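The values are calculated or read from the model by the stated rules, or taken from the named source; none is laboratory data. What you see is a predicted model; the values in this text were computed from it and never measured. Positions of Cβ are backbone-derived with ideal geometry, glycine not excepted, and every protein chain shown enters the neighbour counts. Accessible surface is based on the protein model in full, side chains and every heavy atom, while ligands, DNA and RNA are left aside. Shrake-Rupley method; radii C 1.70, N 1.55, O 1.52, S 1.80 Å.
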Amino acid sequence: ADISELLSGINVPTLVVHGDVDTQVPFYLGKELSTKIKGARFVTIPGAGHGVMRWPDAVNEIKRFCDHLTGQ
């Protein structure tokens, strides 16, 4: 089901983290997702595939985003 029209209704800080060699979810879809959520931040993890959370850079980006939200 395509629910992409609902993405514009998301009104919370959003971080989209995507590996640029993901073979399960193409990179362009991650980028497109971020453009449909107002104010979303998109981060590319170079060389990462679908298991992006195994990459320290992805974890660091998420931590940085959370720290920004909490004012740290």
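Some points to look at:
- Odd one out for residue 69, checked against (1) more than 15 Å from the chain's Cα centre (by Cα); (2) in a loop (DSSP other than H, G, I, E, B): (2)
- Residue pairs whose Cβ atoms lie under 8 Å apart, sitting 6 or more positions apart in sequence or on different chains, and linking a residue in region 33-44 that is in contact (Cβ under 8 Å) with a residue 24 or more places away in the chain and closer than 13 Å to residue 9 by Cα to a partner that is open to solvent by less than 60 Å² (accessible area, probe 1.4 Å) and in a strand (DSSP E or B), are 33/16; 37/16; 40/15; 40/16.
- Residue match in region 38-47 (condition: in contact with a helix residue (DSSP H, G or I) (Cβ under 8 Å, 6 or more places away or on another chain), among the β-branched types (Val, Ile, Thr) and open to solvent by 50 Å² or more (accessible area, probe 1.4 Å)): yes
- Beta carbons closer than 8 Å, at least 6 apart along the sequence or on distinct chains, pair a first residue in region 3-16 that is closer than 17 Å to residue 30 by Cβ and hydrophobic (A, V, I, L, M, F, W, C) with a second that is assigned to a loop (DSSP other than H, G, I, E, B) and open to solvent by 90 Å² or more (accessible area, probe 1.4 Å) for 10/38.
- When residues of region 1-55 are limited to those that are of a type outside the set (A, V, I, L, M), part of a helix (DSSP H, G or I) and in contact with a Lys or Arg (Cβ under 8 Å, 6 or more places away or on another chain), the one nearest to residue 68 (Cα to Cα): 34
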